[in-house]
Amino acid sequence: MAVFRFKTPVSEEDVRKLKIGDIIYVTGTLVTARDEAHKRALEYYEKGEKLPIDFEGVALYHCGPIIKKINDEWITVAAGPTTSTRMELFEAEFIEKFKVRIIIGKGGMGKKTAEACKKYGAVYCAFTGGAAVLAAEAIKKVKSVEWLDLGMPEALWVFEVENFGPLTVAIDTYGNNLYHEVMSKVEANKKEIYERLGLKKEE
Amino acid sequence: MNLVQKIEDTTVNLLRLAVTRLPRDVKDALKAAYERETDQTAKTQLKAILDNITLAEKTERPMCQDTGVIIFYVKICDKFEEISGLSEILKTATVRATREIPLRPNAVHPITQKNSGDNTGRYIPYINWEIIQGNFLEITVFPKGGGSENMSRLGMLKPGEGVEGMKKFVIDTVVQAGGQPCPPIILGVGIGGGADIAMKLAKKALLRPITQRHPDPEIAKIEEELLEAINETGIGPMGLGGKTTSLGVNIEYAHRHPASYPVGVVVQCWAARKATARIYPDGTVEYLTHEVGEK
Ligand code: SF4
């Protein structure tokens, strides 16, 4: 396990150094995107329309933040990660088309995303679920917001961050998936626990 | 002194305490877990949680962006007179807390999908009433996050499966949930009664400090056994592996119908928010879960 500090834009070469279990901290540009934003970005691409943001090399964050406007300035109140599995539908294509290098969320992602990470050079990282204040502290500024018509949680918030993390690499570019590794161990442990407690194994 | 105002202010304060500061038992358990873990990934997750808790306390901001659905447990005493209009007072306090703290508006109409914007709506905040003897009013606020609530389950087991079936059901619920409910989790388990009673008891069991075992030694033993088993699964903090999947298992039970064996499991995330206070007729307020003077 190693610790890395990255500045955006992050290159393909950078992320190919990472292995599951590594810890990274990101400084630079972080963009939030949930289901709706993923969907719209891909629709824009289809239609050949220009996106308001260049995603190449930035860190993409699955997050619906609470933001307050005080005297014309956006202030981040809380910005913890949201469950990433909902974005599984879009993420592989998103990685392919927009060359994002770091995806951040919670709960893990599936096979399609892992394959895209391997093929195009991206990693998926876990940020501690619920750690909203820790995240908000690392956000130094709201640089801009796009697609606010989708609502506050679904909009694209462009943050300037400093040492955003700790982020645990959970899917690397070698096809490894930390969540899957843990869960297959859990299944094996479950059998032993059942035996120890004298419970029947069938399910 | 205006007692109605006192109740409203205390309730707002309880909501603020609950979302910005964890009760001592949970905080201590998280610290102990951090010390115990040897796995680097697990340690990193627990450290992030502990740092987050400290920051939330210091900046008086909600420790998690999901400030939950607002649930109250209220004990009213036969000798406490300011009872009429209490549900309105609690509603007003919820609206105020939503604006002042702020809390995330989390009350959505299930058919129109419209968010009320202030955490109130039909049956929400939800109030559990209990009448006891004495001369005070006891209010517990219990904001419950959605991510962990979604992993809660009800099992209508066959009586023949008995205690063994119950243990399996609890362990399976945890394994199925994996990292989704933001572990380390706390489990509330309700056994018996009926479908609704088992779920209600499961949630109510979460009000008991995790350091306190059930008074019935038989039940206490099962609580310990299940906690150990769950931590042996290796799911770990955030489902990334480790020794700490759960901080505590609290069981509550009721007698059951001979033909049914209901088991309710309510999953609570590490952000186990709750706060309790007693209000006396002379306006004195006593906080039971948090070490604070009055605000
Ligand atoms: S499960 Fe709990 S800690 Fe995780 S995001 Fe929901 S409320 Fe927050």
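Here, each number is a calculation from the coordinates, and none is a lab measurement. Quick caveat: nothing in here was measured; it's all calculated off a predicted structure. Cβ: placed from backbone, ideal geometry, glycine included. Neighbour counts: every protein chain shown.
Model label points for B:R36 and B:E161, set 7 angstrom from Cα along the Cα-to-Cβ axis, are 2.8 nm apart.
Relative to the longest principal axis of the Cα atoms of chain A, helix A:88-98 runs at roughly 50 degrees.
Using the Cβ-Cβ distance between A:E195 and A:K118 with R0 set to 25 Å, the FRET efficiency works out to roughly 0.10. Partner shielding of B:46-55 amounts to 5, given as the average count of beta-carbon atoms from other chains within 10 Å of each residue beta-carbon. Averaged over peptide B:164-170, the number of partner chain Cβ atoms lying within 10 Å of each residue's Cβ comes to 3. Among the chymotrypsin sites (Phe, Trp or Tyr not before Pro) in region B:58-158, those placed in a DSSP loop whose Cβ has at most 11 other Cβ atoms within 10 Å are B:Y123. Using the Cβ-Cβ distance between B:K79 and A:K47 with R0 = 56 Å, the FRET efficiency computed as 1/(1 + (r/R0)^6) comes to roughly 0.20.
Note on chain B: antiparallel DSSP beta bridges, both residues inside, total approximately 65 percent of the bridges counted. Between the alpha-carbon centres of region B:123-183 and region B:62-106 there is a gap of 20 Å.
Shown here for region B:1-95: GluC sites (Glu not before Pro) in loop regions (DSSP other than H, G, I, E, B) with at most 16 other Cβ atoms within 10 Å, namely B:E60, B:E81, B:E82. Taking chain A as a Gaussian network of alpha-carbon nodes connected by springs under 10 Å, the highest mean-square fluctuation of the residues A:I102, A:I66, A:I20 belongs to A:I66. For a 4.7 Å threshold on C-beta separation, the list of partnerless cysteines in the protein assembly as shown reads A:C63, A:C117, A:C125, B:C64, B:C77. Only sites in a loop by DSSP and with at most 12 other Cβ atoms within 10 Å count here; which GluC sites (Glu not before Pro) in region A:8-98 make the cut? Listed in order of number, the matching sites are A:E49. Placing a pseudo-label 7 Å from each Cα along the Cα-to-Cβ vector at A:E13 and B:N2 gives an inter-label distance of 6.9 nm. Hey, what number do you get for chain B at 222 nm if only DSSP H runs of n ≥ 4 count, each worth -39500 (n - 2.57), divided across all residues, to the nearest 500? Helix-only estimate at 222 nm: -12500 deg cm²/dmol. Each of B:L154, B:L103 has some number of other Cβ atoms within 10 Å of its Cβ, and from fewest to most they run B:L154, B:L103. Membrane-span-like helices in chain B, defined here as complete DSSP H runs extending at least 20 Å along the helix axis by their C-alpha atoms with mean Kyte-Doolittle hydropathy no lower than 0.0, are B:3-20, B:162-177; this is a sequence and geometry rule, not a statement about a membrane. For the pair region A:25-52 / region A:110-163, the C-alpha centres are spaced 11 Å from each other. For region A:3-178, a crude dipole built from +1 on the beta carbon of Lys and Arg and -1 on the beta carbon of Asp and Glu, taken about the Cα centre, is about 340 debye to the nearest 20. Entry note, chain A: the mean residue ellipticity at 222 nm calculated from DSSP H runs of n ≥ 4, each adding -39500 (n - 2.57), is -9500 deg cm²/dmol after division by the residues and rounding to the nearest 500.
In a simple Cβ point-charge model (Lys, Arg +1; Asp, Glu -1; nothing else charged), the protein assembly as shown has a dipole of about 280 debye relative to its Cα centre. With the charge dipole of chain A set up from +1 on Lys and Arg Cβ and -1 on Asp and Glu Cβ about the Cα centre, the Cα lying farthest toward the positive end among the listed residues A:I53, A:M87, A:I24 is that of A:I24. Considering only the Cα atoms of chain B, their convex hull presents on average a projected area of 16.0 nm². Once the chain from A:K69 to A:E93 is taken as fully extended at 0.36 nm per residue, the excess over their C-alpha distance is 5.3 nm.
Axis angle, to the nearest 10 degrees, between helix A:35-47 and the longest C-alpha principal axis of chain A: 60 degrees.
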